[in-house]
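Trainee: Can you keep this structure in mind? I'll have questions shortly.
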Amino acid sequence: MNKPIYIKGSAICCPNPSILDDYALQGMDVDKTLIPATLRRRTSLTTRIAITAADGACRQAQMDVKTLPSVFASLGGEIQVTDALCRLLPKDELLSPTQFHNSVHNTTAGYWGILQQCQAAVTAIAAVDDTFAMGLLEAWTQLQLNATNVLLVCYDEEWPPYLAPPIGQIAFASAFVLSTEKSDSLASISMPETENLAADYHKQWPELVNSAPAAASIPLLAAISQSKGKVRVPLNTKGAIWFTYCETP
Amino acid sequence: MKRHNSIESVAISAYAAASDCGLGTAALLQALQHNKSALAPLILFELPFSTYVGEIKVPLPKIDPALELYQSRNARVALAALNVVEDGVRAAVESAKLRYGKERIGVVIGTSTSGLYETESAYAVLLEQHKMPDDFHFITRHAYQATPRFLQLELGLNGPCYAISTACSSSAKALATGQRLIASGVCDAVLVGGADTLCRLTLRGFKSLELISEQRCQPMDKDRAGINIGEAAGLLLLEKNTEQTKSCPQLLSVGESSDAHHMSTPHPAGLGAALAMTNALKLAGLEASSIDYLNLHATATKINDHIESLAAYRVLGDQVPCSGTKGITGHTLGAAGAIETIIALLAIKHQFLPGTAGLRHTEDNCQCHVLKQPLLHQSLSTAMSNSFGFGGNNASVIVSAP
């Protein structure tokens, strides 16, 4: 028997907020003050938008972040840092040690833990078109077993245009605090499942996801903010559609 | 003794390895039992410095033309492990498909490099011709999920599929995720593991951090001078426990933690490392005294090995035999957690304790019981394997005999 899972906080960080107009959602600008100046100059846009969204969701949920396990889901992760390093390789130039350790996929996850002094488990996943869906599934399984609360952050920044166009034209991050506890929750969700059924979503959304893979979370964010009762929410746009039922009080 | 575990154990119905020792766990076992290093100077590509690496020198299998888009050295190393008939992972997956159905079997693979080796060549073209070569396919070759997706397509599976990429703990974390997918009822079986290949970025990156050894690495040695990078794939099929899996070894738990200290330097007192080991024991419902062998992360850098020995002593004391095996395989980064869990499983199956190739003298203040030479004809049933990565990302895996 599955435990019901509740959403206690959610937030969006999007440097290009006009893309949210279609969905009646509000995003935050990057909050530079969240990262101390000594670390800030080392962090990429992807880390900054992810940390801004994560902080927003945790503040809404009024969660003790020090003990909160987290799942960081991103298709490209630190793609700009990796790109800069790959451009140096053919030239036999020395690499920057900071850039190198900041190129790993769990860079944002690592900085989040350092900033919050959080020693809880942190994972970093990637699943191309299913990145948000698998991130939600990963968080869901943790909550079914030993975790009471889990932070899920899904993010991707702008990519160099020659890598995988049209992917990576828009930076987008969103975050959710998920919990097994119902009190003060915004919504509940069912186990993420897959089905080869047409899903109901805003007609612009798949195109947006093509250029901003992390925007796959928009239907869930919209379902929470619009309080439409119980709705079937798609979590990806291609292949077998992953979905969850989201229910608002 | 009754365990008070807080996660159900899962069966490990098959496991396979491809490493510098050769294709298959038999080659790895032989190297372990003879403490024979396979590390050698790099031949795959040129570097502006000299070092030893764990390079796979046997021919790698070709990717099916239908999956040509997924063609990368990383996918081929993973395929090499999958294709080892004696290790039987492919057969075990086929059997699981018949019993559970392809929708009920997930694929979760840890990787830090994915197809970076090919991407590096593509960038050489980009810089010269100002466009990527026609055969550059970022999503199916470079993206982290490329290798798990390739394995899913190669095996005709249809369950959840994703990559875990937490640097050098990636594939230990993949084991954690696989166990959770089964224990929470989402999947009946999950193919887990890790694959990473040698590439310029990781070698030159670790060199920039002054962590690369010019000589064969010496894990836990007082004169250790850094890492030798290796490449490998380790695959394990996890299944829910049924009548059929009675004779299979078990994945008991994976303890996870974060250092919350620094991106590339461990917590000076080893708090994160100790917490991962403690969490693993707690999840499995075991006392420290139940651990018969610890496979150390032991990368052979000055700081990491010292701090791991502090953490291991604090959690397990000075009696548990432990060793580091990166003097044989090199540090296989995102594949290390899977390869070293497989080494722990081989130790249990063949009742021996691996040694630490390259180790001559431990530090005077090392309080752990570090083995230099392998010990055959031992009695062990439960083993732990540590993996620690950049970002302070820690995971400790516990496996046991059937």
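The numbers here are math on the coordinates, done by the rules we state, and not lab data. This structure is a prediction, so every number in the text was calculated from the model and none was measured. Positions of Cβ are generated from backbone atoms using ideal geometry, with glycine treated the same way; all protein chains shown enter the neighbour counts.
Trainee: Being on the phi > 0 side of the Ramachandran plot, more than 11 Å from chain A (Cβ to nearest Cβ) and crowded, with 22+ Cβ neighbours inside 10 Å: is that true of B:Gly193 here?
Mentor: Spelling it out, B:Gly193 is indeed on the phi > 0 side of the Ramachandran plot, more than 11 Å from chain A (Cβ to nearest Cβ) and crowded, with 22+ Cβ neighbours inside 10 Å.
Trainee: Next up: Within the stretch B:367-375, is there a residue that is in contact with a strand residue (DSSP E or B) (Cβ under 8 Å, 6 or more places away or on another chain) and at positive phi?
Mentor: Among the residues of the stretch B:367-375, not one is in contact with a strand residue (DSSP E or B) (Cβ under 8 Å, 6 or more places away or on another chain) and at positive phi, which makes the answer no.
Trainee: Here is a further query. Identify all residues within the stretch A:70-90 that are facing chain B (nearest Cβ under 8 Å) and either surrounded by fewer than 18 Cβ atoms within 10 Å (Cβ to Cβ) or in contact with a strand residue (DSSP E or B) (Cβ under 8 Å, 6 or more places away or on another chain) (or both); write none if there are none.
Mentor: A:Leu75, A:Gly76, A:Gly77, A:Arg87, A:Pro90
Trainee: Moving on to the next point. Tell me which of these B:Leu235 doesn't satisfy, since it passes every other one: (1) in a helix (DSSP H, G or I); (2) in contact with a strand residue (DSSP E or B) (Cβ under 6 Å, 6 or more places away or on another chain).
Mentor: Answer for B:Leu235: the failing condition is (1).
Residues are listed down the side, and each one gets a yes or a no for (1) part of a helix (DSSP H, G or I); (2) buried (at least 24 other Cβ atoms within 10 Å of the Cβ); (3) over 19 Å from the mean Cα position of the chain (by Cα); (4) within 11 Å of chain A (Cβ to nearest Cβ):
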| site | (1), (2), (3), (4) |
| --- | --- |
| B:Asp135 | no, no, yes, no |
| B:Thr140 | yes, no, yes, yes |
| B:Gly159 | no, no, yes, yes |
| B:Ala163 | no, yes, no, yes |
| B:Ile182 | yes, yes, yes, yes |
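Trainee: Being within 14 Å of another protein chain (Cβ to nearest Cβ) and either of a type outside the set (Gly, Ala, Ser) or assigned to a helix (DSSP H, G or I) (or both) is the filter; apply it to the stretch B:282-298 and report the residue that is nearest to B:Asp364 (Cα to Cα).
Mentor: Within the stretch B:282-298, the match that is nearest to B:Asp364 (Cα to Cα) is B:Lys282.
Trainee: Same structure, new question: Of all residues in the stretch A:91-104, count the ones that are assigned to a loop (DSSP other than H, G, I, E, B), at the interface with chain B (Cβ under 8 Å from one of its Cβ atoms) and over 13 Å from A:Thr47 (Cβ atoms).
Mentor: Of the residues in that region, 4 qualify.
Trainee: Among all residue pairs at least 6 apart or on different chains, which show Cβ distances below 6 Å where the first residue, located in the stretch B:260-277, is more than 7 Å from every other protein chain (Cβ to nearest Cβ) and the second is among the hydroxyl-bearing types (Ser, Thr, Tyr) and crowded, with 22+ Cβ neighbours inside 10 Å?
Mentor: B:Ala276/B:Ser257; B:Ala276/B:Ser396; B:Met277/B:Ser396
Trainee: Taking the stretch B:111-133, which residues are more than 10 Å from every other protein chain (Cβ to nearest Cβ) and crowded, with 21+ Cβ neighbours inside 10 Å?
Mentor: Correct list: B:Thr113, B:Gly115, B:Tyr117, B:Glu118.
Residues checked against (1) at the interface with chain B (Cβ under 7 Å from one of its Cβ atoms); (2) free of Cβ contacts under 8 Å to residues at least 24 places away in the same chain; (3) among the β-branched types (Val, Ile, Thr); (4) surrounded by fewer than 20 Cβ atoms within 10 Å (Cβ to Cβ):
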site: A:Ala121; (1), (2), (3), (4): yes, no, no, no
site: A:Ala127; (1), (2), (3), (4): yes, no, no, no
site: A:Thr131; (1), (2), (3), (4): no, no, yes, no
site: A:Leu145; (1), (2), (3), (4): yes, yes, no, yes
site: A:Leu163; (1), (2), (3), (4): yes, no, no, no
site: A:Ala173; (1), (2), (3), (4): no, no, no, no
site: A:Ser183; (1), (2), (3), (4): no, yes, no, yes
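Trainee: Taking strands (runs of 3 or more DSSP E) that fall entirely within the stretch A:137-227, which contain at least 3 residues that are closer than 14 Å to A:Ile19 by Cα and of a type outside the set (Asp, Glu)?
Mentor: Result: A:172-179.
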